[in-house]
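Have a look at the structure below, then the notes.
Read the figures in this text as sums done on the coordinates, not as results from a lab. This one's a predicted model, so the numbers in the text were calculated from it and none came from an experiment. Glycine also receives a Cβ, built like all others from the backbone with ideal geometry; neighbour counts cover every protein chain displayed.
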Ligand code: GLU
């Protein structure tokens, strides 16, 4: 049994960002790689930032990506996560201990006083931060504040004023910070809720977390976290701070430069495996020339050594490429099952397609599979296959160009009649028909091929023409050629 225990500790503040899924995924991978445990902890002690369905969004997102967690006694059974707001007495107990031992103190500053302090610091060019004015109150002062403002007191950590913290970050290496540069952070707010800084340390200890993998934005807080552990007589976990994902414009990867919320990707036709494969490589490398990794491959290979200490440039185009690769690997039945909801949503297929329709959809998708980069593209790529023969739209430019050629009507009519007479209506047979018409009329290939394509599909691009014709089948093709014959002007 491994002693590795990692946690993902999101705050329920709204949609889980794709960077959050990367953190959760790497946590999960490390637990699965080492045979350790993956723990989910909801950090909901900041009631101002919480959203109504924040926890549900987190649970749904983890489920969507298959990131199952191993333990938690929270409300809802053994597989509910730990929830910090259900653990308030635990935090209060440790805060009391710290106060009793002189390692934390009650601070009575009002918001206005703190604002004034900040203003003064700014004016005088001093670094911002609490100036510790309530750390060394004498007994009488403290009693006075307690009597007048006790109900609104916060609790602050008494950072040791001497010495320094040195630790080994698994990604960034050795880091040393002078204690005196750290702020006396708030451990408990006046509303009685612990802050993240206190609650996360208590929980990392009580939950026996061995490795903390989390976003690089928390690196500056790590020395404080280590000091809190030490103040409580605990050994801190190993930290691995993960470089933040950047978009192609070198700004934090977010909505503005192409990122979506975790739950948006599946809605937009991305496959879980593709998104996870992409995320695995956003700042981690197995140090080999290879791009495609299944989740089992990643479980086998993922280690902390491979985490790079510089920000990856996360390119949505690259994710599209991965998705296209994964779509190609799907069996036809699987592709059809996953694509069906998108076709239904677009109104191209009814709620309960019969066997004939399902088979038809399968043959259509077989032709589009190579070109699809997301499942959501299927309706646009394949609508002409699925719309009624007299309803699919014609590309006006294509019509103007190909239906006005002198003699095009005669050629299309010949194709139509020979299609009708074909014994076996398949790609090879229909191609032969088209070739014979080209020879018979002594025209360039394109002068038959393009009008036929426009006639059956309304456009000039698409999968192979004769495969398209075979998939459409004789009846559809004849009706479409008839419709086109009514439109030709040449
Ligand atoms: N609750 C913090 C967040 O949502 C977690 C930070 C950590 O992993 O320590 O960012």
Q. If you line up the Cα atoms of the range 114-213 on their principal axes, what length do they span on each, largest first, in Å?
A. 46, 36, 23
Q: Based solely on C-alpha atoms, express the radius of gyration and the Dmax of the range 301-374 in angstrom.
A: 17.3, 54
Q.
If you scale each eigenvalue of the Cα gyration tensor by 5 and take the root, what three semi-axes come out for the range 29-111, rounded to whole angstrom and sorted largest first?
A. 31, 18, 12
Q: Give me the distance between the Cα centres of the range 310-343 and the range 15-52, rounded to whole Å.
A: 24
Q.
Per DSSP helix of 4 or more residues, -39500 (n - 2.57); summed, then divided by the residues of the chain. What does that give at 222 nm, rounded to the nearest 500?
A. -14000 deg cm²/dmol
Q: Taking the chain as the reference, fit the longest principal axis to its C-alpha atoms, fit the long axis of helix 446-457 to the helix C-alpha atoms, and give the angle between the two in degrees, 0 to 90, nearest 10.
A: 60
Q | For the range 429-490 versus the range 243-306, the gap between their alpha-carbon centres in whole angstrom | A | 43
Q: Take every DSSP beta bridge whose two residues both sit in the chain, then give the antiparallel share in percent to the nearest 5.
A: 50
Q) Counting pairs of alpha carbon atoms under 8 Å apart in space and at least six apart in sequence, what relative contact order in percent does the range 193-332 give? A) 24
Q. Based on Cα positions only, what radius of gyration and what Dmax would you give for the range 157-267, in angstroms?
A. 16.6, 53
Q. If you line up the long axis of helix 427-441 against the longest principal axis of the chain, both from Cα atoms, how many degrees apart are they, to the nearest 10?
A. 50
Q: Could you give me the percent of Cα pairs per 5 Å distance bin for the range 406-454, shortest bin first, beginning at zero and ending with the bin that holds the maximum distance?
A: 5, 23, 38, 24, 10, 2, 0
Q. From the Cα gyration tensor of the range 2-44, with a ≥ b ≥ c the square roots of its eigenvalues, which class applies: rounded if a/c is under 1.5, or else prolate if a/b is larger than b/c, or else oblate?
A. oblate
Q: Take every Cα-Cα pair in the range 367-490 and report what % of them are more than 20 Å apart.
A: 39
Q: Determine the gain in length on full extension of the stretch residue 85-residue 356; use 0.36 nm per residue of separation and subtract their C-alpha separation, reporting nm with one decimal.
A: 92.1 nm
Q.
Please report, in whole Å³, the volume per residue of the convex hull around the C-alpha atoms of the range 47-157.
A. 185
Q | Rounded if a/c under 1.5, otherwise prolate or oblate - the range 191-244, Cα gyration tensor axes | A | oblate
Q: Over all directions, average the projected area of the Cα convex hull of the chain and note it in nm².
A: 31.8
(Q) From the C-alpha coordinates alone, can you work out the Kirkwood hydrodynamic radius of the range 142-185, in Å? (A) 13.1
Q | Taking 468, 181 and counting other C-beta atoms within 10 Å, the order from fewest to most | A | 181, 468
Q | Cα-Cα P(r), the range 290-417, percent of pairs per 10 Å interval | A | 10, 28, 24, 21, 10, 5, 2
Q) Helix 316-329: angle to the longest alpha-carbon principal axis of the chain, degrees 0 to 90, nearest 10? A) 60
Q: Measure off 7 Å from each Cα along the Cα-to-Cβ vector at residue 96 and residue 118, then give the distance between these two points in nanometres to one decimal.
A: 3.3
Q) Given the Cα-Cα distance of residue 404 and residue 131 and 0.36 nm per residue of separation, how much length would full extension add, in nm? A) 90.0 nm
Q. When you count, for each residue, the other Cβ atoms within 10 Å and take the mean per peptide, how do 88-96, 118-126 rank with the highest first?
A. 88-96, 118-126
Q | Rg ratio (alpha-carbon, reference 2.2 N^0.38 Å) - the range 85-139 | A | 1.47
Q: Report the calculated FRET efficiency for residue 423 and residue 294 (r = Cβ-Cβ distance, R0 = 41 Å), to the nearest 0.05.
A: 0.35
Q) Suppose R0 equals 22 Å; then what is the FRET efficiency for residue 366 and residue 346 from their Cβ-Cβ distance, rounded to the nearest 0.05? A) 0.70
